[in-house]
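A quick write-up on the structure given underneath.
The values are calculated or read from the model by the stated rules, or taken from the named source; none is laboratory data. Bear in mind the structure is a predicted one, so any value in this text is a computation, not a measurement. Cβ atoms come from the backbone with ideal geometry, glycine included; neighbour counts cover every protein chain shown. These accessible areas exclude ligands, DNA and RNA; they are computed on the full protein's heavy atoms, side chains included. Shrake-Rupley method; radii C 1.70, N 1.55, O 1.52, S 1.80 Å.
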Amino acid sequence: MTGATKKRAQENRQAATGYANPQDIHGQRHLGRYDGPSDRPGSSSGPPRPGSSRGDAPHPGAPSNAPGASVRSASRQRSAAGPPSSSGAPLRDPARDPPVIAKKTLPSRVDWGGNLYAYYSNEPVLKELMKRPGYGNQGKNIQLRLNSHVVSCSNEARIYQYAVQVGTPDAKRGLIKNVWCSNELATKIPGGIREWIYDGNALAWSKQNLSNEFHAMIDLDKEKGRDPSTVPEGKRDLHRVAIRKSAAVDLQNIYAYLEGRADFGPGVIDAINFLDHVVRETPSNRHINIKKSYFDWNTGDREFLGGGVEAMRGIYQSIRMAEGKRLVINVDVSHTCFWNKSSFPMIINQLSGHMDLDSLGIYWRDVKNKEKTNALFQVMKRLKRNNFYVNHKNRSERESKVIWKVHDILPQSAREFKFKLRVAGKPREEGREITLLKYYEERYNIWLQWPDLPVVQCTKKNTVYPMEACMMCEGQRFPYKLNDHMTTKMLKFAVQPPEQRLQSIQAGTRMLGWDTDPVLKHYELRINPEPIVTKARVLNPPTIQFNKSTFAPGTKGRWDLRGKKFLAPNEKPLKSWGIAILNDPSSAQRAGTPNQAQVRTFIQTFIQVYQGHGGIVETKDPDITGPISDPAKASELLFYGVGNKYNARPQLLIFILPNSNPENYLRIKKSCDCRFGAFTQCLMGSQVIKNAPQYHSNVLMKVNAKLGGTTARVATPSPSGHFSRPTMIIGADVSHAAPGIGAPSFAAMTVSMDKYGARYAAGVQTNGYRVEMISTRNLKDMLIPLIRHWTANVSGGRLPEHIYYFRDGVSEGQFLNVIHYEVGDIKSIFDDMIVTPQEPIKFTVVVAEKRHHIRFFPGKAGDENQNALPGTLVDRDVTHAIENDIYLCSHKALKGTARPTHYHMLLDEANVPVDVFQKMLYEHSYQYMRSTTPVSLFPAVYYAHLASNRARSHEDIAEPLRKIRDAGNPSGEKSGPTDETKPLLPMVGRSGLPWGMWYI
């Protein structure tokens, strides 16, 4: 361990325990009050100051504004330090890269709520998120069950929190666990080890009230059955344990806060942190524990996915403070993939598709150091750091029980790998040289079936095994992306209708065993076995407005386009357009490539259906190019061919693809967006051959939107929809690459481009590596052109009076960053654009979240599948205890159990009435441009998500380099270049592409 690493580890331990080094625990008689619970080393508290994390100059050392200053002043102070740095300094995320001064740490397994992070924030401008102003009244009242249970605590329980140090500050988790679980400590610790709950790092809790510090020396040599007198001096496995009281935990602090009798503070934090450890103490010891989920390997439902991988169904649980002045525990099914007990050759064979095991060894030697994008290389890399055991004939019982860990897959085979076989009475160096193949013949009297397979090297020095003798240990998580076949099987396994999901949840709660949990009983906690039944509402469904017609879908949540015309057709007649046919040279894919006659038939139907929906088509016989196998060449030929024929910039280029190869799609979008500046639509060749009218209607909703049209809107008395004053809607999202991939993060922002919020334009840009907060520079680059276009084309030159800012993808710990920095930057942008004095623009800031575990079970009050009806809203019982949030199911679930969207309002300067806001959220889901159903997420955020994913095609990187980068880090460590990311290629603006819905 380097000196810097040791220093960081010591700082983390000191932050949690108050000990600067191991000697301090003995040298100090008194310990100041522990100033923050810890769940894992290095975890950060709420939002620290971001410094230069967003591509800007660092903050001044001391803020000049006093508490209570506006959000606007925070942004001004932030930008006052100077222009964005061009030195290549790394982008830091304020929610992910805490400064050294942040000593307080928070457990990641607790649903804290934004105000906890506000309490810990160093920021002077905002210390509390907005509180719930009231409850809505619109809609039909119904009763539904929730997958949450009420938790009650004893008024008499007396619990004490202790700071714990095991060994040195940089002791590893495995050593700490061995010491804490040792028989010697179990007999020495006051009250016995079962009286204690330990977080595995720096905190413990007990009913034991120790007046003095507890010290013990634990001899792990004795635990392992070794005689300490035979162990050389300096190599004794001896470790010190020190425990001293840091706080008294009073569970009534929670209820005092919920009832308004006390402020939020350390007492509430300590109590919630303790309860979180209590509810997971027993299940984490009995079952496989992954974050907040638990899996029982013996009784859990499992599904083999192939390739040595299986999916398992487990149970998720999380405790939280909730509306109604009470504690609840949220339980839900959880699904995770694990390695199956399979042989290494079988795993490699199925995951890589390399069927010939006899030649695999030779192939592996060619691949190992040359082709890091090869499928075989990726599979071999996944075997590293996994545990396995040896399985072959004539092995001893002891050999069968030893667990090994993979260090590497060597290029040599068992036939080639040689080592020195020890001869009695001589050192190994003088032993007989022998191959691994020959050794197995002599030692075990077996002949390897595949002697040319590569050899597995273990983490233990000088230990290797032939690959065919290695069996993967079950119960190890498979953290990699599944292939298409495995994903299909995983989805079939995970999707459950409401009643079946509820039964799985009930089975999971029985697995958790709340009623028999000794730890819950000891600390006098009771969890009601009956789920919460809440008072929900089903909002009134809107009427859909088309061109000269309306449709009322009711609670069915679905309509079709037959006989309906789009609300607004294409802005200009479709004249300059054409089609390119792509083919795949391989014979296996030719069935997906239509011929010229089939394409002509498709075009005729396409035009007929478009005109039936109100589209205006001038050219009835567009050019057809191809078949061509090169997507870049096809893009060039089609663009210039169409442009020259009609002497105009192409309005629409259609590409017919032979398969779902993403490289063809990315190449087409990159060429047409960033080189030629033309709207494109990709179609599957198999669908062109089928030529189904429904497929045409689905495609034409996207085509019409790209050509400036609008599918439909919600019928409202006012032409400006739900808005009584000039209102702009902004959506934002940041997408990240999968773990281990070195691709940058992509930020996207959408802005409504009409008065009623149906059409949206989008800007995209790279945003550092795994950085969630959007940088000031990116906000300006993306927003300013979109705002100028909005003022020129929507509001008649005026700035908006009210702005809705919908943000996706941020956790509760980042809520304050959204307010302080992103909203602050947006306000500064508008301030700089104000020419004549006007009232300050009012902001309403909302976070939309889909990654949660709350589910609705309405039973007969739901649809035919007992799913929640579109418009079902819950604002009680499981919502936040203080803050303003709701759960809204705006869509109709076709499969499985509907997942509501969690909307959390952080700021509302416009004081939007509760019913007005909830109605707008729901009804705008009917205005999603490419769907004939209401969608589950507010469209501004949905479009931002689509745009951030589409931004990948605008990367300024050669395709071979992208493949190497996206293959992942061979070492398995987290990839992450620390330098600033390269900007995306700009889109060509002459055709109006940046202002249209190019991303849809």
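Checking Lys564 against (1) surrounded by 15 or more Cβ atoms within 10 Å (Cβ to Cβ); (2) under 25 Å from Lys669 (Cβ atoms); (3) of a type in the set (Lys, Arg), which test does it fail?
(2)
Only one of Pro622, Pro573, Pro627 is open to solvent by less than 40 Å² (accessible area, probe 1.4 Å) and farther than 30 Å from Lys140 by Cα. Can you tell me which? It would help to see each step written out before you state the result.
Details: Pro573 fails: open to solvent by less than 40 Å² (accessible area, probe 1.4 Å); Pro627 fails: open to solvent by less than 40 Å² (accessible area, probe 1.4 Å).
Answer to the selection: Pro622.
Could you pull out every one of the helices (runs of 4 or more DSSP H) wholly within segment 187-293 that has 3 or more residues that are over 30 Å from the mean Cα position of the chain (by Cα) and more than 25 Å from Leu327 (Cα to Cα)?
Working: elements: 220-223, 252-258, 266-286.
Ranges flagged: 220-223.
I'm trying to understand the selection: among the residues of segment 154-179, which are open to solvent by 20 Å² or more (accessible area, probe 1.4 Å) and either within 30 Å of Pro858 (Cβ to Cβ) or without any contact (Cβ under 8 Å) to a residue 40 or more places away in the chain (or both)?
Passing the criteria: Lys172, Arg173, Gly174, Lys177.
Is it the case that segment 657-664 has a residue that's farther than 22 Å from Gly592 by Cβ and touching a residue at least 24 places away in the same chain (Cβ under 8 Å)?
So in segment 657-664, the residues farther than 22 Å from Gly592 by Cβ come out as none.
Checking segment 657-664: not a single residue is farther than 22 Å from Gly592 by Cβ and touching a residue at least 24 places away in the same chain (Cβ under 8 Å).
Condition first: open to solvent by less than 80 Å² (accessible area, probe 1.4 Å), in contact with a strand residue (DSSP E or B) (Cβ under 7 Å, 6 or more places away or on another chain) and under 17 Å from Arg950 (Cα atoms). Now tell me which residues in segment 656-680 satisfy that.
Selection gives Asn664, Ile668, Lys669, Cys672, Ala678, Phe679, Thr680.
Checking Arg798 against (1) open to solvent by 10 Å² or more (accessible area, probe 1.4 Å); (2) in a helix (DSSP H, G or I); (3) not β-branched (Val, Ile, Thr): exactly one of these is not met. Which one?
Result: Arg798 passes all but (2).
Filter segment 684-698 down to the residues that are crowded, with 20+ Cβ neighbours inside 10 Å and either of a type in the set (A, V, I, L, M) or out of contact with any helix residue (DSSP H, G or I) (no Cβ under 6 Å at 6 or more places or on another chain) (or both) and list them by number. Break it down into steps so the answer makes sense when it comes.
We begin by selecting, within segment 684-698, every residue crowded, with 20+ Cβ neighbours inside 10 Å; these are 685, 688, 696.
The answer is Val688, and nothing else.
At least 2 residues that are crowded, with 19+ Cβ neighbours inside 10 Å in each: list the strands (runs of 3 or more DSSP E) lying fully within segment 309-412 that qualify.
The strands (runs of 3 or more DSSP E) meeting that bar are 309-322, 326-339.
Quick test of your reading of the structure: Ile803 fulfils all but one of (1) in contact (Cβ under 8 Å) with a residue 40 or more places away in the chain; (2) open to solvent by 10 Å² or more (accessible area, probe 1.4 Å); (3) farther than 14 Å from Ala944 by Cα; (4) in contact with a strand residue (DSSP E or B) (Cβ under 8 Å, 6 or more places away or on another chain). Name the failing condition by number.
(2)
Under the condition of being at pLDDT below 75 and crowded, with 16+ Cβ neighbours inside 10 Å, which residue from segment 928-965 is nearest to His696 (Cα to Cα)?
Here the residue is Arg962.
Of the numbered conditions (1) within 32 Å of the chain's Cα centre (by Cα); (2) without any contact (Cβ under 8 Å) to a residue 40 or more places away in the chain, Leu539 fails exactly one; give the number of that condition.
Single failed check for Leu539: (2).
Is it true that Ala634 is crowded, with 19+ Cβ neighbours inside 10 Å and over 17 Å from Ile579 (Cβ atoms)? Break it down stepwise before answering.
On the way: crowded, with 19+ Cβ neighbours inside 10 Å: yes; over 17 Å from Ile579 (Cβ atoms): no.
Spelling it out, it is not the case that Ala634 is crowded, with 19+ Cβ neighbours inside 10 Å and over 17 Å from Ile579 (Cβ atoms).
Of all residues in segment 542-560, how many are part of a loop (DSSP other than H, G, I, E, B) and surrounded by 21 or more Cβ atoms within 10 Å (Cβ to Cβ)?
2
Which one is modelled with the highest pLDDT, of the residues in segment 286-308 that are open to solvent by 30 Å² or more (accessible area, probe 1.4 Å) and among the acidic types (Asp, Glu)?
If we take residues in segment 286-308 being open to solvent by 30 Å² or more (accessible area, probe 1.4 Å) and among the acidic types (Asp, Glu), then Glu303 is modelled with the highest pLDDT.
Output the residues belonging to segment 847-879 that are assigned to a strand (DSSP E or B), within 11 Å of Thr534 (Cα to Cα) and either aromatic (Phe, Trp, Tyr) or open to solvent by 10 Å² or more (accessible area, probe 1.4 Å) (or both).
First pass over segment 847-879, keeping only residues assigned to a strand (DSSP E or B): 847-849, 856-857, 872-874.
Next, from what is left, pick out any that are within 11 Å of Thr534 (Cα to Cα): 856-857, 873-874.
Phe856, Phe857, listed by residue number.
Any idea which of (1) in a loop (DSSP other than H, G, I, E, B); (2) out of contact with any helix residue (DSSP H, G or I) (no Cβ under 7 Å at 6 or more places or on another chain); (3) surrounded by 15 or more Cβ atoms within 10 Å (Cβ to Cβ) is the one Pro585 doesn't satisfy?
(3)
Quick one: in segment 718-769, of everything that is among the polar types (S, T, N, Q) and in a loop (DSSP other than H, G, I, E, B), which residue is surrounded by the most Cβ atoms within 10 Å (Cβ to Cβ)?
Of all residues in segment 718-769, those among the polar types (S, T, N, Q) come to 718, 720, 724, 727, 735, 745, 750, 752, 765-767.
Checking which are in a loop (DSSP other than H, G, I, E, B) leaves us with 718, 720, 724, 745, 767.
Numbers: Ser718: 10, Ser720: 14, Ser724: 11, Ser745: 22, Asn767: 28.
Among those that are among the polar types (S, T, N, Q) and in a loop (DSSP other than H, G, I, E, B), it is Asn767.
Can you find, within segment 880-920, the residue that is most open to solvent (accessible area, probe 1.4 Å) among those that are in contact with a His (Cβ under 6 Å, 6 or more places away or on another chain) and not in a strand (DSSP E or B)?
Going residue by residue through segment 880-920, those that are in contact with a His (Cβ under 6 Å, 6 or more places away or on another chain) are 885, 887, 902, 910, 920.
Now restrict to residues that are not in a strand (DSSP E or B): 910, 920.
On the way: Ala910: 20, Met920: 2 Å².
Top of the filtered list is Ala910.
Taking Gly563 as the residue in question, decide whether it is at positive phi, part of a loop (DSSP other than H, G, I, E, B) and touching a helix residue (DSSP H, G or I) at 6+ places or on another chain (Cβ under 9 Å). Spell out how you get there, then give the answer.
Working: at positive phi: yes; part of a loop (DSSP other than H, G, I, E, B): yes; touching a helix residue (DSSP H, G or I) at 6+ places or on another chain (Cβ under 9 Å): yes.
For Gly563, the condition - at positive phi, part of a loop (DSSP other than H, G, I, E, B) and touching a helix residue (DSSP H, G or I) at 6+ places or on another chain (Cβ under 9 Å) - is met.
Being modelled with pLDDT of 85 or more, surrounded by fewer than 19 Cβ atoms within 10 Å (Cβ to Cβ) and in contact with an Asp or Glu (Cβ under 7 Å, 6 or more places away or on another chain) is the requirement here; does Gln138 meet it?
On the way: modelled with pLDDT of 85 or more: yes; surrounded by fewer than 19 Cβ atoms within 10 Å (Cβ to Cβ): yes; in contact with an Asp or Glu (Cβ under 7 Å, 6 or more places away or on another chain): yes.
Here the answer is yes, as Gln138 does meet what is asked.
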